[in-house]
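Q: Dumping the structure here so I can ask a few things about it.
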Amino acid sequence: MSTPRTPQTPQAPQTTGPAPDTSVNDVNDLIGSGQEGSVADQARAYLQRIQHGDMGALPAVAGLVVLTILFSFLSPFFLTERNFANLLTQAATLVMLGMALVFVLLLGEIDLSAGVTSGMTMALFIVLVNVHAIAWPIALAIAFAAGILTGTLIGFFVARVGIPSFVVTLGLFLGYQGLTLMIIGSGGLYRVQIPEIRDIQNSNMPVWAGWVMLAIIIAISAGISFWDRARRTRAGVPNRTIALVWIKLGVIAVIGGAAIAVLSRNRGQSVGVVEGVPIVVPIVLVILWIGTFVLDRTRFGRYLYAIGGNAEAARRSGVKVMAIRWSAFIVCSTLAVVSGLFSISKVGSIDAAAGREIVLSGVAAAVVGGVSLFGGRGRLMHAAIGALVIAVITNGLGLLNLPAGVNLMVTGGVLILAATVDAISRVRAGGSLMRT
Amino acid sequence: MDVPLIELSGVVKSFGPVSVLKGVELKAFPGKVTALVGDNGAGKSTLIKGLAGVQPYDGGEVRFDGAPVSLHHPRDASRLGIEVVYQDLALCDNLDIVQNMFLGREETEFGTFDEGLMEKEASDTLRSLSVRTVKSVRQKVSSLSGGQRQTVAIARAVLKKARLVILDEPTAALGVAQTEQVLNLVRRLADQGVAVILISHNLADVFEVADHIDVLYLGQMVAHLDADQTSRDDVVGYITGTKVQQGASA
Ligand SMILES: Nc1ncnc2c1ncn2[C@@H]1O[C@H](COP(=O)(O)OP(=O)(O)O)[C@@H](O)[C@H]1O
Ligand SMILES: [Mg+2]
């Protein structure tokens, strides 16, 4: 810096704040960093943020807990190992689609065609394999290419031409239903016979691999936390008290450990042992982790939030707004293809209606989890948790043998509730971008 | 007199049929505050948006350090060390102070953010400007008051060795004490050798900090004045068009 630091003699010493482990910093420093203080101070600051409407995924997590307790009382099957594994695989498609949508929702945009994109690309995939006898990896690559192309097309019309994304993707929503119908033929249905694809949702990892996965997750979380702390120390800014790192790792270990313990028990009904974490789980976790890393720690991610917050400010700061907008749609459509893959793996077949219904549930999942429809606020984790809430409602009501109509009505009610929370917190606070 | 850091001549800009800048010239000098005054709609904001590369001029010449430059993108301007504090501030409410100050020029290591370094530089800059009112650099901008936002916007402008800082009506929305703080900040910037262009409606502010006063009237520069050789009444005369300086306009 060329600017000389004006030495200040503090007239009145500030209230001697607690901050034993912030000794790196000047004691007379009047500008804090939000990292100072004990666990209690941090907890108080967190509560304050919540009071200001910055609730993140808290309502959704609370909802998840309440629903779990409720359904475990109402149905003896809800809290079984079998149903837990089933729930995860049922949710995977929606989790993936919700995460895909976060990338455009952060911009304040929407992709109503994400569902039919997953349906169309999967129709293409299976028809290429079943009818044209193309090797499945090549057919899958073609399906992904079609997804990327779809995102490029949407991005062109939204970011370049300037048509509202609602209109462009509504058009595509209709158009792709037609395209899927032409690919599959009316009334047609194709079976998915590729073992590798079926395995994603129907096979499990060996029990030991589940525990190794948890160990890797804890190791990576710890590694990143300590890397961050080392960098902050090097820069000479205070770190949060280290107890928070242990608490975070402890929470991951306890919750993750409990889930894997449950999934490691035999849940086979008669002959044969069924145990281990479903293969889809680590795939979702890897995508969640990479996506979160990109959103939190790279320019692309930061600019998505910035554009969602104030596009003009981002433009004036030299952000290539058009390119970022465009890429967000490509990421969304590409991840939608992954969601389609989970879907056909679970269902085992594909017909012309594939992906028609799910997109609104995907948007609902994101919003229920705390992603703002107004842009600039939300995380991938939020969409995942929101999708779990919706999946639990579907699963639980299904166990109770209630008519499907009840499910839709309850899900709709939850969505409106979540959107209300979103609107209120938008008035009361700016966002929840910083991680804890 | 010194050599100007930046020199505009014959700058023109129209929006459709409306000609907003009709051949404007302007100079700014290192270490000096040049006030740009003019009535609403005179074209002040349009003039500086061109300098920022946000809204390029239709024609005319811009010389920086004596050499002609083209300003067609915000990055062109920031590469030269031109920083603008906009009238509407242009901050992202959903980001915190550090993130706003570094938007578009984040510090990275292996392609990922070095948050510690950014936080350090941000708080150093705020401290060098003697900012005392901000509680934490990790506060969301949405939680800041008008004066604090102004401070963040100015701190953002001087974060990276700016050579020309342009402030568009920085005190318009501020109270008395905050206005005084911002004007002190403006003076301190100039004392550090930065060329400052200050747009203001408030002539008291202008006379308090400016070395030169340039008057824009309906898209034309009608007067270049030295602050200590002119009077309030003269400036008002030029602004309202009742007075015309000989040889000022092309
Ligand atoms: N983007 C635009 N499109 C059309 N007209 C504009 C635009 N920006 C500014 N103008 C017009 O240009 C004139 C000068 O505006 P501006 O530069 O904001 O004036 P000032 O900042 O001096 O008040 C005004 O008449 C305004 O209506
Ligand atoms: Mg203006």
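The values are calculated or read from the model by the stated rules, or taken from the named source; none is laboratory data. This structure is a prediction, so every number in the text was calculated from the model and none was measured. Here the Cβ is made from the backbone with ideal geometry for all residues, glycine too, and neighbour counts use every protein chain on show.
Q: What residue, of A:Ser225, A:Ser221, A:Ser270, is assigned to a loop (DSSP other than H, G, I, E, B) and among the hydroxyl-bearing types (Ser, Thr, Tyr)? Step through it out loud before you land on a result.
A: Values: A:Ser225 fails: assigned to a loop (DSSP other than H, G, I, E, B); A:Ser221 fails: assigned to a loop (DSSP other than H, G, I, E, B).
Selected residue: A:Ser270, the only one of A:Ser225, A:Ser221, A:Ser270 that is assigned to a loop (DSSP other than H, G, I, E, B) and among the hydroxyl-bearing types (Ser, Thr, Tyr).
Q: Separate question: Please determine whether any residue of the stretch B:1-23 is more than 13 Å from ligand 1 (Cβ to nearest atom) and within 14 Å of chain A (Cβ to nearest Cβ).
A: Within the stretch B:1-23, the subset more than 13 Å from ligand 1 (Cβ to nearest atom) is B:1-10, B:23.
Checking which are within 14 Å of chain A (Cβ to nearest Cβ) leaves us with none.
Taking every residue of the stretch B:1-23 in turn, none turns out to be more than 13 Å from ligand 1 (Cβ to nearest atom) and within 14 Å of chain A (Cβ to nearest Cβ).
Matching residues to (1) buried (at least 19 other Cβ atoms within 10 Å of the Cβ); (2) assigned by TED's automatic domain parsing to the domain that holds A:Gly355:
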{"position": "A:Leu181", "(1), (2)": "no, yes"}
{"position": "A:Val192", "(1), (2)": "yes, yes"}
{"position": "A:Trp208", "(1), (2)": "no, no"}
{"position": "A:Val212", "(1), (2)": "no, no"}
{"position": "A:Ile217", "(1), (2)": "no, no"}
{"position": "A:Ile220", "(1), (2)": "no, no"}
{"position": "A:Trp227", "(1), (2)": "no, no"}
{"position": "A:Val237", "(1), (2)": "yes, no"}
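Q: Looking only at the stretch B:59-104, which residues are in contact with a Ser or Thr (Cβ under 6 Å, 6 or more places away or on another chain) and of a type in the set (D, E, K, R)?
A: Of everything in the stretch B:59-104, those that are in contact with a Ser or Thr (Cβ under 6 Å, 6 or more places away or on another chain) and of a type in the set (D, E, K, R) turn out to be B:Glu61, B:Asp93.
Q: Also, quick follow-up: Please go through (1) away from chain B (no Cβ under 14 Å); (2) of a type in the set (A, V, I, L, M, F, W, C); (3) surrounded by fewer than 23 Cβ atoms within 10 Å (Cβ to Cβ) for A:Ala354 and return the number of the only condition it doesn't satisfy.
A: (3)
This table checks each residue for (1) over 23 Å from A:Leu179 (Cα atoms); (2) surrounded by fewer than 19 Cβ atoms within 10 Å (Cβ to Cβ); (3) in contact (Cβ under 8 Å) with a residue 12 or more places away in the chain; (4) within 14 Å of chain B (Cβ to nearest Cβ).
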{"position": "A:Val319", "(1), (2), (3), (4)": "yes, no, yes, yes"}
{"position": "A:Ser333", "(1), (2), (3), (4)": "no, no, yes, no"}
{"position": "A:Val337", "(1), (2), (3), (4)": "no, no, yes, no"}
{"position": "A:Gly340", "(1), (2), (3), (4)": "no, no, yes, no"}
{"position": "A:Ser345", "(1), (2), (3), (4)": "no, no, yes, no"}
{"position": "A:Gly348", "(1), (2), (3), (4)": "no, yes, yes, no"}
{"position": "A:Gly362", "(1), (2), (3), (4)": "no, no, yes, no"}
{"position": "A:Ala366", "(1), (2), (3), (4)": "yes, no, yes, no"}
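Q: Restricting attention to helices (runs of 4 or more DSSP H) lying wholly within the stretch A:34-128, give those where 2 or more residues are within 14 Å of chain B (Cβ to nearest Cβ).
A: A:39-51
Q: May I pose another question? Provide a single number: the residues in the stretch B:100-112 that are crowded, with 23+ Cβ neighbours inside 10 Å and either within 7 Å of another protein chain (Cβ to nearest Cβ) or aromatic (Phe, Trp, Tyr) (or both). Give the steps one after another, and end with the answer.
A: We begin by selecting, within the stretch B:100-112, every residue crowded, with 23+ Cβ neighbours inside 10 Å; these are B:100-103.
Imposing the further condition that a residue be either within 7 Å of another protein chain (Cβ to nearest Cβ) or aromatic (Phe, Trp, Tyr) (or both) reduces the set to B:102-103.
Number of matching residues: 2.
Q: If a residue has to be crowded, with 20+ Cβ neighbours inside 10 Å and more than 16 Å from ligand 2 (Cβ to nearest atom) to count, how many in the stretch B:222-250 make the cut? Write out each step before concluding.
A: Within the stretch B:222-250, the subset crowded, with 20+ Cβ neighbours inside 10 Å is B:222-223, B:225, B:235, B:238-239.
Remaining after also requiring more than 16 Å from ligand 2 (Cβ to nearest atom): B:222-223, B:225, B:235, B:238.
So the answer is 5.
Q: Within the stretch B:41-84, how many residues are more than 10 Å from chain A (Cβ to nearest Cβ), within 16 Å of ligand 1 (Cβ to nearest atom) and of a type in the set (Lys, Arg)?
A: 1
Q: Give me the pairs, please: first residue somewhere in the stretch B:62-80 and without any contact (Cβ under 8 Å) to a residue 40 or more places away in the chain, second residue anywhere and polar (S, T, N, Q), beta-carbon distance under 7 Å, and either six or more positions apart or on two chains.
A: Note: pairs meeting the criteria are B:Pro74/A:Ser317; B:Asp76/B:Ser70.
Q: Just checking: which of the helices (runs of 4 or more DSSP H) contained wholly in the stretch B:110-209 hold 3 or more residues that are modelled with pLDDT under 85? Break it down stepwise before answering.
A: Working: elements: B:115-128, B:146-158, B:176-191, B:203-209.
Output list reads B:146-158, B:176-191.
Q: Which ones in the stretch B:39-57 are more than 9 Å from ligand 2 (Cβ to nearest atom) and surrounded by 19 or more Cβ atoms within 10 Å (Cβ to Cβ)? First the steps, then the outcome.
A: Taking the stretch B:39-57 first, the residues more than 9 Å from ligand 2 (Cβ to nearest atom) are B:39, B:47, B:49-57.
If the condition is that a residue be more than 9 Å from ligand 2 (Cβ to nearest atom) and surrounded by 19 or more Cβ atoms within 10 Å (Cβ to Cβ), then B:Leu47, B:Lys49, B:Gly50, B:Leu51, B:Ala52, B:Gly53, B:Val54, B:Tyr57 are the ones that fit.
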